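**Q** If you scroll down you'll find the structure; I have some questions about it.
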Amino acid sequence: VAILCYIALYFLAPFIAGFYNEPQLKEMIRALALIVIINTFSIIPRVLLIIDVNFKKQAKASFVGILISGSVALYMAMNGYGVWSLVGQQITSAIVVTIVLNKVSPWYPKTAFSYDSFKELFGFGSKLLASSLLDTIYNNTYGLIIGKLFNAEKLGFFNQANTLASVPATTMTSVIQKVTYPILCKIQHDTMKLDTVFLFTLQMSVFIVFPIMLGLSIVAEPFISLLLGDEWMRSAKLLSIITMAFMFYPIHAMNLNML
């Protein structure tokens, strides 16, 4: 699936670049699309760690990836690679995280192919894939429309505000979501206990995320000024609005866990 996705992106790259009138996007997309293939080698080791509720090893892999890829990006930026520094950072991060995850959670595929196993897993996984694709298309529609109807500068302001608003909500919710999912799976046949645990984690998520997002909305202007400088102040109003939407992200994420 990853290889098919890469081939599609490779041949679509010129059309995407033409759509945005940005010629350099062609080679950047073809390079970044390699991450789709690289990440496939980290899926099983990561899932095994999630099942074992072992997030310490995942955190180590992410930390090493951030450290090395950040150094690569800094070196490239200092040597005049410009926007390609970000491309190098993302590809390096994917490679390093994949290597570390396979070291801390080694996994090797069997030589035999199991049709029954494939049928069972694909029946469930294909629906998740379709759901994720719809979610990805929906979430990226904003950028597509803004980038096409306005310009790269306005898209930059929107993306910066969206990123700053999403980081605290998605980071904390992601941790809670990943930890609770295997727990909910283990108690799914005990309806009363399942409801109790679900409501408790939902309340805790909201209790943590709501005040943070509300506070970020209130201090958006001084926060942007301090963190990014006055040249990014046009992102402040957008940040104030978008944080209101991300307040409800924990409810959305926990409902997905239950489903």
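The values are calculated or read from the model by the stated rules, or taken from the named source; none is laboratory data. The model shown is predicted, which means the values in this text are computed figures rather than measured ones. Here the Cβ is made from the backbone with ideal geometry for all residues, glycine too, and neighbour counts use every protein chain on show. Just the protein is used for accessible areas: all its heavy atoms, side chains included, with ligands, DNA and RNA removed. Shrake-Rupley method; radii C 1.70, N 1.55, O 1.52, S 1.80 Å.
**Q** Go through the residues of segment 36-48 one by one and say whether even a single one is modelled with pLDDT under 90, over 26 Å from residue 108 (Cα atoms) and not hydrophobic (A, V, I, L, M, F, W, C).
**A** Within segment 36-48 (the criterion being modelled with pLDDT under 90, over 26 Å from residue 108 (Cα atoms) and not hydrophobic (A, V, I, L, M, F, W, C)), the answer is no, since none of the residues qualifies.
**Q** Please specify each residue of segment 174-193 satisfying the condition of being touching a residue at least 60 places away in the same chain (Cβ under 8 Å) and open to solvent by less than 90 Å² (accessible area, probe 1.4 Å).
**A** Of segment 174-193, the ones touching a residue at least 60 places away in the same chain (Cβ under 8 Å) are 174-184.
Matches in segment 174-193: 174, 175, 176, 177, 178, 179, 180, 182, 183, 184.
**Q** Still on this structure, please answer the following. Pairs please, first residue from segment 62-77 and over 10 Å from residue 92 (Cβ atoms), second anywhere and in a helix (DSSP H, G or I) and hydrophobic (A, V, I, L, M, F, W, C), Cβ atoms under 7 Å, 6+ apart in sequence or on different chains.
**A** 62/97; 64/96; 64/100
**Q** Pick out, from segment 1-85, the helices (runs of 4 or more DSSP H) lying fully within it that include 2 or more residues that are surrounded by 14 or more Cβ atoms within 10 Å (Cβ to Cβ) and under 17 Å from the mean Cα position of the chain (by Cα).
**A** The qualifying helices (runs of 4 or more DSSP H) are 34-51, 55-78.
**Q** Sort out which residues of segment 115-132 are open to solvent by 60 Å² or more (accessible area, probe 1.4 Å) and either not aromatic (Phe, Trp, Tyr) or not in a helix (DSSP H, G or I) (or both), and write them in order of number. Full working, then the answer.
**A** First pass over segment 115-132, keeping only residues open to solvent by 60 Å² or more (accessible area, probe 1.4 Å): 115-116, 118-122, 124, 127-129, 131-132.
Selection gives 116, 119, 120, 121, 127, 128, 129, 131, 132.
**Q** Hey, could you check segment 196-206 for residues that are free of Cβ contacts under 8 Å to residues at least 24 places away in the same chain and open to solvent by 70 Å² or more (accessible area, probe 1.4 Å) and say which is nearest to residue 257 (Cα to Cα)? Before you say what the answer is, go through the steps one by one.
**A** Going through segment 196-206, the residues free of Cβ contacts under 8 Å to residues at least 24 places away in the same chain turn out to be 196-197, 199-200, 203.
Next, from what is left, pick out any that are open to solvent by 70 Å² or more (accessible area, probe 1.4 Å): 196, 199-200, 203.
Numbers: 196: 14, 199: 12, 200: 14, 203: 14 Å.
Within segment 196-206, the match that is nearest to residue 257 (Cα to Cα) is 199.
**Q** Report, by residue number, each residue of segment 207-243 that is under 20 Å from residue 254 (Cβ atoms) and crowded, with 17+ Cβ neighbours inside 10 Å. Steps first, please.
**A** Taking segment 207-243 first, the residues under 20 Å from residue 254 (Cβ atoms) are 207-214, 243.
209, 213, 243, listed by residue number.
**Q** To continue, here is another question. It is to be established whether one or more residues within segment 21-33 are closer than 28 Å to residue 129 by Cβ, in contact (Cβ under 8 Å) with a residue 24 or more places away in the chain, in contact with a helix residue (DSSP H, G or I) (Cβ under 7 Å, 6 or more places away or on another chain) and of a type in the set (Val, Ile, Thr).
**A** No; the residues of segment 21-33 include none that is closer than 28 Å to residue 129 by Cβ, in contact (Cβ under 8 Å) with a residue 24 or more places away in the chain, in contact with a helix residue (DSSP H, G or I) (Cβ under 7 Å, 6 or more places away or on another chain) and of a type in the set (Val, Ile, Thr).
**Q** Determine, yes or no, whether residue 179 is under 30 Å from residue 47 (Cα atoms) and either modelled with pLDDT of 85 or more or touching a Pro at 6+ places or on another chain (Cβ under 6 Å) (or both).
**A** On the way: under 30 Å from residue 47 (Cα atoms): yes; either modelled with pLDDT of 85 or more or touching a Pro at 6+ places or on another chain (Cβ under 6 Å) (or both): no.
Considered against the rule, which asks whether it is under 30 Å from residue 47 (Cα atoms) and either modelled with pLDDT of 85 or more or touching a Pro at 6+ places or on another chain (Cβ under 6 Å) (or both), residue 179 comes out as no.
**Q** Hey, could you check segment 89-107 for residues that are free of Cβ contacts under 8 Å to residues at least 24 places away in the same chain and farther than 12 Å from residue 43 by Cα and say which is least open to solvent (accessible area, probe 1.4 Å)?
**A** So the first thing to find is which residues in segment 89-107 are free of Cβ contacts under 8 Å to residues at least 24 places away in the same chain, and the list is 89, 99, 103.
Restricting the remaining residues to those that are farther than 12 Å from residue 43 by Cα gives 89, 103.
Values: 89: 54, 103: 160 Å².
The residue in question is 89.
**Q** Is it true that some residue in segment 150-157 is touching a Leu at 6+ places or on another chain (Cβ under 9 Å) and under 29 Å from residue 22 (Cβ atoms)?
**A** Going through segment 150-157, the residues touching a Leu at 6+ places or on another chain (Cβ under 9 Å) turn out to be 157.
This time we only want the ones that are under 29 Å from residue 22 (Cβ atoms), so: 157.
Within segment 150-157, one or more residues are touching a Leu at 6+ places or on another chain (Cβ under 9 Å) and under 29 Å from residue 22 (Cβ atoms).
**Q** Still on this structure: Does segment 134-144 contain at least one residue that is under 30 Å from residue 15 (Cα atoms), open to solvent by less than 70 Å² (accessible area, probe 1.4 Å), touching a residue at least 40 places away in the same chain (Cβ under 8 Å) and part of a helix (DSSP H, G or I)?
**A** Filtering segment 134-144 for residues under 30 Å from residue 15 (Cα atoms) gives 134-144.
With open to solvent by less than 70 Å² (accessible area, probe 1.4 Å) added as a condition, the list becomes 141, 143.
With touching a residue at least 40 places away in the same chain (Cβ under 8 Å) added as a condition, the list becomes none.
Scanning segment 134-144 turns up no residue that is under 30 Å from residue 15 (Cα atoms), open to solvent by less than 70 Å² (accessible area, probe 1.4 Å), touching a residue at least 40 places away in the same chain (Cβ under 8 Å) and part of a helix (DSSP H, G or I).
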